[in-house]
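In what follows, a single structure is set out as structure tokens and then discussed.
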Amino acid sequence: MVAAYGPLWSAGGERGVYKSEDGGANWRLVKSVNEHTGFNEVHYHPTVKGLVFATAHQRRRHVWTHLSSGPGSGLYRSFDDGENWEEVTSGLPGGDKGRLSLAISPADPDRMYLMVEGHGTYISTDRGASWNMGSDHYTSGNYYVELIAHPTDPVTVYSMDTWAHWSIDGGKTFKRMPEAMKHVDNHCIWINPNNPDHIRMGCDGGFYQTYDNAANWLFSGNLPITQFYRVSTDNAT
């Protein structure tokens, strides 16, 4: 199952949740919202067979602006492996919402976190059936809105951002992670389940890792990866 965002600059296209039952050779659309709304995440629940969650995001990019919200954004769930879907609304904000990101705690799968751009971070302790607001923390839907749950601690969750944030109180408060001598603009993180003080993070400046829970960071300079900001050419051959 995959979440398809659809075209960035226009309506329509392949938007929604698609499912394959032959190893990816063929796909069929199992959930869509409208021509302006795509899906950015899909999650299988780790302990409940057939339970799937997906986050819909209404957005459009223009040359002069980026529209990152609308009534089409929302959280959906399926109890039958994606064949039928319902929107989850209990405890979540109504009206226009931006991008959403879902994280299911591996340490306590009943506990889930949901970041809603423009509103904050919400917490569920009943497998996503109902939600309560934990914090007003959210990030920009143009680049971020990504939550990652700690592999062994159910009350720790990470938020990707220009400066990475973390919550160690179950999503009630977020603070910046220590990033001394490290590049910012963070987009992905991995926490070692066998040694949670060992964290790897990818950012616009390359690949970093820490072995002391973010107190110190090591840069991997032997990888030819970074963000190219601008490339130009001249008229020479």
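The values are calculated or read from the model by the stated rules, or taken from the named source; none is laboratory data. The model shown is predicted, which means the values in this text are computed figures rather than measured ones. Positions of Cβ are generated from backbone atoms using ideal geometry, with glycine treated the same way; all protein chains shown enter the neighbour counts. Note: accessible area is taken over every heavy atom of the protein model, side chains too, but ligands, DNA and RNA are not part of it. Shrake-Rupley method; radii C 1.70, N 1.55, O 1.52, S 1.80 Å.
Here is how the numbers come out for the structure above:
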| quantity | calculated |
| --- | --- |
| Restricting region 28-39 to residues that are more than 17 Å from the chain's Cα centre (by Cα) and touching a residue at least 12 places away in the same chain (Cβ under 8 Å), the residue that is surrounded by the fewest Cβ atoms within 10 Å (Cβ to Cβ) | 29 |
| Residue 131 within 25 Å of residue 71 (Cα to Cα) and either open to solvent by less than 40 Å² (accessible area, probe 1.4 Å) or touching a residue at least 12 places away in the same chain (Cβ under 8 Å) (or both) | yes |
| Candidates 215, 180, filtered to the one that is at pLDDT 95 or above, of a type in the set (A, V, I, L, M, F, W, C) and either touching a Pro at 6+ places or on another chain (Cβ under 7 Å) or exposed (fewer than 15 other Cβ atoms within 10 Å of the Cβ) (or both) | 215 |
| Verdict on residue 45 being in contact with a Pro (Cβ under 7 Å, 6 or more places away or on another chain), closer than 29 Å to residue 173 by Cβ and either open to solvent by less than 60 Å² (accessible area, probe 1.4 Å) or among the aliphatic types (A, V, I, L, M) (or both) | yes |
| Yes/no for residue 101 being under 23 Å from residue 178 (Cβ atoms) and either open to solvent by less than 40 Å² (accessible area, probe 1.4 Å) or in a loop (DSSP other than H, G, I, E, B) (or both) | yes |
| Test: residue 163 is among the aromatic types (Phe, Trp, Tyr) and touching an Asp or Glu at 6+ places or on another chain (Cβ under 8 Å) | yes |
| Condition check for residue 185: in contact with a Cys (Cβ under 8 Å, 6 or more places away or on another chain) and at pLDDT 90 or above | yes |
| Filter result (under 18 Å from residue 169 (Cα atoms) and over 16 Å from the mean Cα position of the chain (by Cα)) within region 112-137 | 124, 125, 126, 131, 132, 133, 134, 135, 136 |
| Verdict on residue 126 being farther than 30 Å from residue 61 by Cα, surrounded by fewer than 16 Cβ atoms within 10 Å (Cβ to Cβ) and without any contact (Cβ under 8 Å) to a residue 40 or more places away in the chain | yes |
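Conditions (1) basic (Lys, Arg); (2) touching a residue at least 60 places away in the same chain (Cβ under 8 Å); (3) open to solvent by 60 Å² or more (accessible area, probe 1.4 Å), marked per residue:
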| position | (1), (2), (3) |
| --- | --- |
| 18 | no, no, no |
| 26 | no, no, yes |
| 41 | no, yes, no |
| 49 | yes, no, yes |
